[in-house]
Amino acid sequence: MNDARAARGPAFVLDGVKRSFGSRHILRGVSARAERGKVIGLLGRNGEGKTTLLRILLDLLEADAGAVEVLGLRPDGSGRIRQRIGYVPERPAFHEYMTAAQVLSLRARFWERWDAARAAALAASLGLDLAERVSSASKGTVAKLAWVCAAAHDPELFLLDEPTSGLDALVREEVLSKLIEELQDAGKTIFVANHRMEELAGVLDEIWLLSGGVISRVCDAERLRREARVVSGRLADTAKEPAGLCAVRLRADAPLAAWAAFDSESAERLLRSGAIEGAQASAMPFEETLRRLLALGGDHD
Amino acid sequence: MTELLSLELRKQRMAFLGVAGVFAGSFPLAVVCARSLKQPLEQTLGGAIVFWLFLGLALAAAVLGGSAGTGLRAQAEAEALLPASAEERAKSAVAAAWAYLAALALLVILASFVQGMGWKLLEPDSASGSNGLVWANAAIFSFADALICLASFVCAYGLAHGAAGGILGAAIGAAAAAGVGLGLLTSLVLGVPMGFSRQAVVIAAAAMAAGVWGMLKLARSIERQRKGWAWAAAALSLLCGPALSFGSAASHFRKAMSLRMLDYDLAAGTRGSEATPPSALRLEHEGVLLSTRRGDVLWISPDGTSRNLILGEDRSLKDILNSPLWSWQEHAWDADGRLWVLKREYSTATCDIYRGRPRDGLTLFHKLPLKQCPSGLVQRGREMGLRGWNPLQGTWSYASIPERGEKFHWTLETDDHGLSSLEALHRQGLAAKLDKNGRTLRLGPAGGGRRWQLPGAAVIGKPGSEYVPAIATESGLIFARAVALSSGRRALAVCRPDGTVRLAWEGSGADSYSVSALPDGSRAGWRDTRTLLRMTAAGEFLPPLDVGPAVDELLKRMPLAPDFSKIVRFDRESVWLLSGDQWLIRLSGRDGRVLDRWALPDTSAMWKRHLPAVHLGIDGLFVHTGARLFFIGFDGSRRSLSVR
């Protein structure tokens, strides 16, 4: 199956993509490649450009520089790329005067592969009231509607921007369970920007760290989950911290010191470096791993 | 695109319903106004419809366009994810706005038909012809309103503000339409047969295309948050319409003025007296005189030979604005067949009098200060004079034009120019005078005192009617006057040089004996609406010719102008009639049958400008269409004459 996916090419490729808004340089040369069938989490602080990157992939924004290819197509402003992408924005917007049914009906006229039965089934499975008007719908209802709109045309690529933002726990669970369902469908690629990435811990294949306007680090999610450690002990007087570690110092208030090492190699090197006396390594919860990873940035390349 | 259009129609529905509601409400309002102001209901309803055509649709266009623009902007987030480009969405929005505007325009037209005006609401001047003007006006209004809608959309979309966008768009669209209107009016006001319709179409197409182009650039820029020149491009593209229209109108005006300078009209002339000999009349009709706004006086022969008798000069716009009648000239022919031209030059305050024969050229005969130059040239028999009103004295003055270098001697005259002329002719022996009993006709001392006893009594009415002007024939001067016979009938008493009196054209008491001189020296006229009177240049009075059957036949076949009465030539075999400057008709000179008829070139452009279009020549007619000069022979041949 991997060979089959590889034969169809990557889901998308970014090469030196730049984008500015006035004097604010948001993306400063993003280069990355997403293979088909993978679930990729995009991690980054607020304002790093996650949404900008997603909109560029959706052909809603133009890159100032660099090359973009999505599902073998180059964005040209025509919107044809969006025929094959399912997108759930952070703040879904629909025509206020329409009902949920009318929203779906409108989309059915635009998407060539729209499946009305699938839409109806999804809506039913999410408990979406199709007669409810958008103007009076709750955040949860709007989120469910957005999800149905994203999935009903059987897209090859899902782009999810904080798909559970502002939702209560029950709705989040409903939406996430749909996400997992899609994972079971071969060939779908999911690219999700989510602050609560730990909610996807079990399904992520890769985690991309967007920092300083570039993809500063691509981590294998399974390896991260398995190898991330906290290395702690007493700080040695004379030993120096080894260079090139995939690690973040957690505390350095003498005599105690601690690092978060994101791979086993970095943990081993720390343990053998002598920088810490009496060093001990312990497993790091995935949630904390992701939180610490945000601090990594490009400083530790 | 269809789906997008459908979506936009749904979104803009309320705006359209609002405007349509205002339209519908204007009619009850008109009824209320009619009652309260005590005006005819038809008038107020018609006024409401005219308002909607000229102003209402334009305002509606601004509202619909502005609403569409802000609507598209407001729903950008909801619609951006649709698999359609920003340009397609913008195009659909504009198309929907235009569709609603067209629907409203149809409602206005429908209301016009219900109210009874029909297409007349598009015809400011229904007497000037309907179809072309209707379509031209419809095209202009369509362009103006469509451009206003587009401009309002672009401005509202760009500014994300419906009201500001609507106002800006209305101003831009109205400016572009105003430029087109000025261009079209130029031809009308200046009377130059130089159309602006083609330029108007090009301007409209270019303005719309530029506006759409700018709109698409702006849409892409806004939706995709592109920095760059799109905003400037959109603004420039919208200004393209007004710039093109005013620029074209200005260029058209300059060109029209230039052409108008060179545009020639049949020169205004004073008709000589009946005493002008046939030989002199022939000289007068050997060609045609043309004059231009520049002050040129041209003499054109039937073979197309052109001679510039007086050179004009180019005028500046300041000259034109300061003195519209900067060069007013008139001409007259004297009894010797010489041409006199009076040219007033307001810019230099002078008055030049030229004299000469066209084939030899004219020379400057007198030059006067403009203040001393009265109304115009008058020919009184063998005299050529100037006659004018003196406002300070409140009287008319006359002076015979003296020889070169001599002074003008002015005499006061009464208001009655005709009486003064007849008295002058009598002094010259060129008019006889009836005794009070109307039975004796006498010449004055200059005529040798000859007298004739008339076989009947001539009626003497208002002052001057006691004079009988001479008619110059090849065999001398004759005097003719209608007299009442003892039988109760009337006839023309012809007093001949040998002292005899003969009767001609005896007829009933209601007959007319008015005849006019023709270029070959003959005379012709109508006794009634069906009988022609003819006198040859030799003085022979031909029997009246009954052309009634011919008139009936012609009336069946073609629309004849009310002035179906001008005889332009005759010989023993044929009579030629000019019907309303549209037809040349040849009748048999023996039995009045129609022998030939020829359609003349279209001269409607000239009569619209209240200018003469036809000048009689000896062998044909000079016909001026406004754009070209033709010579139509009495055999129906047609030749286009080059003036320059």
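The values are calculated or read from the model by the stated rules, or taken from the named source; none is laboratory data. Note that the structure is a prediction, hence the values are computed from the model and not measured. Ideal geometry is used to build each Cβ from the backbone, glycine not excepted, and the neighbour counts take in all protein chains shown. Side chains included, ligands, DNA and RNA excluded: accessible areas come from the protein's heavy atoms. Shrake-Rupley method; radii C 1.70, N 1.55, O 1.52, S 1.80 Å.
Here is how the numbers come out for the structure above:
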{"read-out": "Condition check for B:Asp596: over 26 Å from the mean Cα position of the chain (by Cα), outside the structural domain of B:Gly287 (by TED's automatic domain parsing) and at pLDDT 90 or above", "value": "yes"}
{"read-out": "Subset of the range A:63-94 (residues that are within 7 Å of chain B (Cβ to nearest Cβ), assigned to a loop (DSSP other than H, G, I, E, B) and free of Cβ contacts under 8 Å to residues at least 24 places away in the same chain)", "value": "A:Gly77, A:Ser78, A:Gly79, A:Ala93"}
{"read-out": "Yes/no for A:Arg229 being surrounded by fewer than 22 Cβ atoms within 10 Å (Cβ to Cβ) and either touching a Leu at 6+ places or on another chain (Cβ under 7 Å) or modelled with pLDDT of 75 or more (or both)", "value": "no"}
{"read-out": "Selection status of B:Leu477, farther than 21 Å from B:Leu342 by Cβ, in a helix (DSSP H, G or I) and touching a residue at least 24 places away in the same chain (Cβ under 8 Å)", "value": "no"}
{"read-out": "Test: residue in the range B:87-99 that is open to solvent by less than 20 Å² (accessible area, probe 1.4 Å), among the basic types (Lys, Arg) and touching a residue at least 60 places away in the same chain (Cβ under 8 Å)", "value": "yes"}
{"read-out": "Residues of the range A:266-289 that turn out to be crowded, with 17+ Cβ neighbours inside 10 Å and in contact with a strand residue (DSSP E or B) (Cβ under 9 Å, 6 or more places away or on another chain), as a count", "value": "11"}
{"read-out": "Flag for A:Ala34 being among the aliphatic types (A, V, I, L, M), away from chain B (no Cβ under 11 Å) and open to solvent by 40 Å² or more (accessible area, probe 1.4 Å)", "value": "no"}
{"read-out": "Subset of the range B:512-543 (residues that are in contact with a helix residue (DSSP H, G or I) (Cβ under 9 Å, 6 or more places away or on another chain), of a type in the set (Val, Ile, Thr) and crowded, with 17+ Cβ neighbours inside 10 Å)", "value": "B:Thr531"}
{"read-out": "The range B:1-52, residues that are part of a helix (DSSP H, G or I), exposed (fewer than 15 other Cβ atoms within 10 Å of the Cβ) and among the polar types (S, T, N, Q)", "value": "B:Thr2, B:Ser6, B:Ser36, B:Gln43"}
{"read-out": "Subset of the range B:206-230 [open to solvent by 10 Å² or more (accessible area, probe 1.4 Å), within 14 Å of chain A (Cβ to nearest Cβ) and in contact (Cβ under 8 Å) with a residue 24 or more places away in the chain]", "value": "B:Leu216, B:Arg220, B:Ile222, B:Glu223, B:Arg224"}
{"read-out": "Residues within the range B:551-567 that are in a loop (DSSP other than H, G, I, E, B) and either modelled with pLDDT of 80 or more or closer than 21 Å to B:Arg534 by Cα (or both), tallied", "value": "1"}
{"read-out": "Count of the range B:68-98 residues which are part of a helix (DSSP H, G or I), of a type in the set (A, V, I, L, M, F, W, C) and either under 22 Å from A:Ala150 (Cβ atoms) or within 8 Å of chain A (Cβ to nearest Cβ) (or both)", "value": "4"}
{"read-out": "Which listed residue, of B:Lys11, B:Lys38, is among the basic types (Lys, Arg) and within 14 Å of chain A (Cβ to nearest Cβ)", "value": "B:Lys11"}
{"read-out": "Top-ranked residue in the range A:46-62 [being within 10 Å of chain B (Cβ to nearest Cβ) and assigned to a loop (DSSP other than H, G, I, E, B); ranked as nearest to the chain's Cα centre (by Cα)]", "value": "A:Leu58"}
{"read-out": "Search result, residues across the range A:109-127 that are touching a residue at least 24 places away in the same chain (Cβ under 8 Å) and either away from every other protein chain (no Cβ under 14 Å) or part of a helix (DSSP H, G or I) (or both)", "value": "A:Asp115, A:Ala116, A:Arg118, A:Ala119, A:Leu122, A:Ala123, A:Ser125, A:Leu126, A:Gly127"}
